[in-house]
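**Student:** Once you've had a glance at the structure underneath, I'll fire off some questions.
The values are calculated or read from the model by the stated rules, or taken from the named source; none is laboratory data. Keep in mind the model is a prediction, meaning the values are calculated, not measured. Reconstructed Cβ throughout: ideal geometry from the backbone, glycine too, with neighbour counts over all protein chains shown. Quick note on the areas: whole protein, heavy atoms, side chains included, nothing else; ligands and nucleic acids left out. Shrake-Rupley method; radii C 1.70, N 1.55, O 1.52, S 1.80 Å.
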Amino acid sequence: MSLAIIIGVGCKKQELELVHQNQELKVDPSKIQYQPQTATEKKLVENLGKLSDIIKKLYLNKANLDVVNAAIFAKSYTDESILIKDLIYPETSILKSNKRFTQAVGNPSNVLNNFASAFWAEVITRGDSEFNNFLSSLRPVPNNSITLNDINSSNGGNEVSIYFPFHEDYINTPPSVVSIISATADSDEGIGEIPNFNSSGQFVGFTQVLINDDYVAMNPTHIIGLNGVEPWDDGGNIPLNLYWPSNPIDIPGLTREVKQVHIGSVKIHGKQYDRLISFTGNGGGSDIVFTRSDGFLKVLDGQVQADNFFTPVKTVSRKSIRQRKWVDFSYEWDGDWEVNNHRQVFAIFEEDTRNHSEISGKISTTLKLSDMVTTTVDLISWKISFKSDDPIIKQTEMKRESFFALNRTNHTGEMYQGWPVIDKTGPVSYTLNDRTYY
């Protein structure tokens with residue numbers, strides 16, 4: 001285990017001595033996707049570095065590190081993260097109502113108050129009014145949204161977080177030291193530091209190390225940046241909704257047959273769509289979204305366009321991607337695929353906070369002329385708009401007659417939990433689970 005610390009942009013002096021190092025480390029330029037461009041971005045990165053300086057000092061007291069590890073293990077947020085605001089503003093912390101966190105620390109209020117007191121004591125010694133303003137911008141406001149250096153966010157989506165990739169490897173044996181790296185770019189590699197201790201166990205300084213995916217897979221690491229997380233306090237219980245193929249289900253009073261389709265399980269074949277380190281909200285695991293475009297029974301007025309339906313975002317961890325593990329999605333794709341709705345458009349993309357993208361086309365469907373008259377037309381326009389750094393992962397037309405005829409057979413050459421694996425050689429494989437009510 002190692003403690004690696006990178007000093008943020010704008011920090012003029014290191015408080016802890018660097019141990020002599022023979023070889024200068026260099027970041028592979030091909031692993032850097034985006035660097036700060038605007039004055040706002042550069043100031044944000046500078047403040048993240050100052051924040052990391054304080055966190056690294058707090059972590060020399062293991063009790064403070066234990067609090068942060070417990071907060072991340074508690075899974076109040078998606079993507080193996082905890083927001084800084086929940087650690088330094090304990091009066092509004094989501095952790096106080098999290099059952100896992102309470103079980104780990106005993107009295108959450110006392111523990112959080114102690115951490116916050118140590119944090120703010122260190123802030124006061126620095127006398128940095130600009131940094132104080134930055135920390136004030138992290139304070140929660142009544143509508144649960146903030147503006148962080150002109151970067152708008154809501155529900156935690158772009159707030160400053162501590163991200164612990166591969167955290168599941170350490171839940172049973174929490175690390176006594178961790179790596180810390182502050183986001184100075186959107187990158188898959190950065191330079192950090194490892195603590196050195198003498199024979200008496202006293203800390204004597206740091207040695208720089210190169211932090212990347214190989215490193216974090218083997219060394220517990222905390223990444224301070226904007227990872228792009230959402231609240232997810234499940235209270236300690238996660239109901240699994242996956243189901244195997246079954247016979248039609250009789251629902252008394254149902255007047256017609258209803259066929260449902262769900263995104264079942266998903267596997268990403270090794271490609272990390274987001275960066276390991278990020279200051280823009282585009283870091284950590286990959287945020288996968290499935291879409292459906294459907295123009296069924298829309299009124300025909302010469303300008304009609306299909307509706308778009310998006311599943312909730314599902315973050316697939318870097319560990320699951322690296323190890324090519326199946327992940328449970330269990331999201332509805334179509335809750336009622338009507339018998340006369342012959343064609344729908346199916347697409348997959350990885351969601352980011354920048355780079356507007358669009359895909360479009362035409363599809364045949366059944367349109368509504370009036371309350372009494374419907375008609376089948378050859379073509380109706382559809383268009384999907386989204387933000388992503390990556391090309392669309394999948395785009396295809398789904399045909400009702402062939403889908404339900406084949407979806408319970410091994411027509412792809414591979415099955416998973418009773419369902420055929422679709423796109424088994426593509427960048428993202430998945431199963432589509434269907435269920436019938438009558």
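**Student:** Could you check segment 183-197 and list, in sequence order, the residues that are under 16 Å from residue 34 (Cβ atoms) and in a strand (DSSP E or B)? So that I can check it myself, show each step before the final result.
**Tutor:** We begin by selecting, within segment 183-197, every residue under 16 Å from residue 34 (Cβ atoms); these are 183-190.
Within segment 183-197, 186, 187, 189, 190 meet the criteria.
**Student:** For segment 73-123, which residues satisfy the criterion of being touching a helix residue (DSSP H, G or I) at 6+ places or on another chain (Cβ under 7 Å) and basic (Lys, Arg)?
**Tutor:** 75, 96, 100
**Student:** A further question follows. Using beta carbons and a limit of 6 Å, which pairs, at least six apart or on different chains, have the first residue in segment 207-222 and within 18 Å of residue 49 (Cα to Cα) and the second one surrounded by 19 or more Cβ atoms within 10 Å (Cβ to Cβ) and among the small types (Gly, Ala, Ser)?
**Tutor:** Close Cβ pairs satisfying both conditions: 209/4; 209/192; 211/4; 211/190; 211/192; 221/179.
**Student:** Taking segment 186-198 on its own, how many of its residues are modelled with pLDDT of 95 or more, of a type outside the set (Asp, Glu) and either open to solvent by 20 Å² or more (accessible area, probe 1.4 Å) or in contact with a helix residue (DSSP H, G or I) (Cβ under 8 Å, 6 or more places away or on another chain) (or both)? Don't jump to the end; show me each part of the working.
**Tutor:** So the first thing to find is which residues in segment 186-198 are modelled with pLDDT of 95 or more, and the list is 186-190.
Applying the additional criterion that residues be of a type outside the set (Asp, Glu) yields 187, 190.
With the extra rule that they be either open to solvent by 20 Å² or more (accessible area, probe 1.4 Å) or in contact with a helix residue (DSSP H, G or I) (Cβ under 8 Å, 6 or more places away or on another chain) (or both), the set shrinks to 187.
The total comes to 1.
**Student:** Related question: Only one of (1) more than 22 Å from residue 130 (Cα to Cα); (2) at pLDDT 95 or above is not met by residue 84, so which one is it?
**Tutor:** Answer for residue 84: the failing condition is (1).
**Student:** Next up: For segment 82-109, how many residues meet the condition of being in contact with a strand residue (DSSP E or B) (Cβ under 9 Å, 6 or more places away or on another chain), open to solvent by less than 40 Å² (accessible area, probe 1.4 Å) and of a type in the set (A, V, I, L, M, F, W, C)?
**Tutor:** 5
**Student:** When you check residue 272 against the structure, is it assigned to a loop (DSSP other than H, G, I, E, B), under 23 Å from residue 429 (Cα atoms), at pLDDT 95 or above and open to solvent by 10 Å² or more (accessible area, probe 1.4 Å), yes or no? Spell out how you get there, then give the answer.
**Tutor:** Working: assigned to a loop (DSSP other than H, G, I, E, B): yes; under 23 Å from residue 429 (Cα atoms): yes; at pLDDT 95 or above: yes; open to solvent by 10 Å² or more (accessible area, probe 1.4 Å): yes.
Yes, satisfied.
**Student:** Next up: If you scan segment 20-72, which residues turn out to be of a type in the set (D, E, K, R), open to solvent by less than 40 Å² (accessible area, probe 1.4 Å) and over 18 Å from residue 159 (Cα atoms)? Spell out how you get there, then give the answer.
**Tutor:** Filtering segment 20-72 down to residues of a type in the set (D, E, K, R) leaves 24, 26, 28, 31, 41-43, 46, 50, 53, 56-57, 62, 66.
Restricting the remaining residues to those that are open to solvent by less than 40 Å² (accessible area, probe 1.4 Å) gives 41, 46, 50, 53, 56.
Matches in segment 20-72: 53, 56.
**Student:** Please find, within segment 110-142, the residue that is farthest from residue 87 (Cα to Cα) out of those that are open to solvent by less than 60 Å² (accessible area, probe 1.4 Å) and either of a type in the set (S, T, N, Q) or in a loop (DSSP other than H, G, I, E, B) (or both). Spell out the reasoning first.
**Tutor:** Taking segment 110-142 and keeping what is open to solvent by less than 60 Å² (accessible area, probe 1.4 Å), we get 111-112, 115-116, 118-119, 121-123, 128, 131-132, 134-135, 137-138, 140.
Then keep just the ones that are either of a type in the set (S, T, N, Q) or in a loop (DSSP other than H, G, I, E, B) (or both); that gives 128, 132, 137-138, 140.
Numbers: 128: 20, 132: 16, 137: 14, 138: 11, 140: 12 Å.
If we take residues in segment 110-142 being open to solvent by less than 60 Å² (accessible area, probe 1.4 Å) and either of a type in the set (S, T, N, Q) or in a loop (DSSP other than H, G, I, E, B) (or both), then 128 is farthest from residue 87 (Cα to Cα).
**Student:** Select from segment 104-144 the residues that are out of contact with any Phe, Trp or Tyr (no Cβ under 9 Å at 6 or more places or on another chain), under 19 Å from residue 67 (Cα atoms) and in contact (Cβ under 8 Å) with a residue 60 or more places away in the chain and list them in ascending order.
**Tutor:** Answer for segment 104-144, where residues must be out of contact with any Phe, Trp or Tyr (no Cβ under 9 Å at 6 or more places or on another chain), under 19 Å from residue 67 (Cα atoms) and in contact (Cβ under 8 Å) with a residue 60 or more places away in the chain: 118, 119, 122.
**Student:** Return the pair list, or none, for Cβ contacts closer than 6 Å from residues in segment 73-97 that are under 19 Å from residue 286 (Cα atoms) to residues that are of a type in the set (Val, Ile, Thr) and not in a loop (DSSP other than H, G, I, E, B), at least 6 apart or on different chains.
**Tutor:** 76/94; 78/315; 79/315; 82/72; 82/162
**Student:** Considering segment 313-361 alone, what residues qualify as being of a type outside the set (A, V, I, L, M, F, W, C), farther than 21 Å from residue 423 by Cα and in a loop (DSSP other than H, G, I, E, B)?
**Tutor:** 335, 336, 338, 340, 341, 342, 352, 353, 354, 355
**Student:** Between a residue in segment 193-204 that is among the charged types (D, E, K, R) and any residue that is surrounded by 10 or more Cβ atoms within 10 Å (Cβ to Cβ) and modelled with pLDDT of 80 or more, which pairs come within a Cβ distance under 6 Å, given they are 6 or more apart or on different chains?
**Tutor:** 193/208
**Student:** Sort through 180, 162 and tell me the only one that's buried (at least 23 other Cβ atoms within 10 Å of the Cβ), part of a strand (DSSP E or B) and at pLDDT 95 or above. Lay out the reasoning, then the answer.
**Tutor:** Numbers: 180 fails: at pLDDT 95 or above.
Testing whether each residue is buried (at least 23 other Cβ atoms within 10 Å of the Cβ), part of a strand (DSSP E or B) and at pLDDT 95 or above leaves just 162.
Conditions tested, residue by residue: (1) modelled with pLDDT of 95 or more; (2) loosely packed, with under 14 Cβ neighbours inside 10 Å; (3) under 18 Å from the mean Cα position of the chain (by Cα); (4) of a type in the set (Phe, Trp, Tyr).
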residue	(1), (2), (3), (4)
298	no, no, no, no
302	no, yes, no, no
313	no, no, yes, no
320	yes, no, yes, no
324	yes, yes, yes, no
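**Student:** Out of 374, 409, which single residue is among the β-branched types (Val, Ile, Thr), at pLDDT 95 or above and either open to solvent by 50 Å² or more (accessible area, probe 1.4 Å) or touching a helix residue (DSSP H, G or I) at 6+ places or on another chain (Cβ under 8 Å) (or both)?
**Tutor:** Details: 374 fails: at pLDDT 95 or above.
The conditions single out 409.
**Student:** Oh, and also: Do we find that residue 65 is under 19 Å from residue 181 (Cβ atoms) and not in a helix (DSSP H, G or I) in this structure? Write out each step before concluding.
**Tutor:** Details: under 19 Å from residue 181 (Cβ atoms): yes; not in a helix (DSSP H, G or I): no.
Here the answer is no, as residue 65 does not meet what is asked.
**Student:** Restricting to segment 199-250, and then to whatever is at pLDDT 95 or above and among the β-branched types (Val, Ile, Thr), can you tell me which residue is most open to solvent (accessible area, probe 1.4 Å)?
**Tutor:** 249
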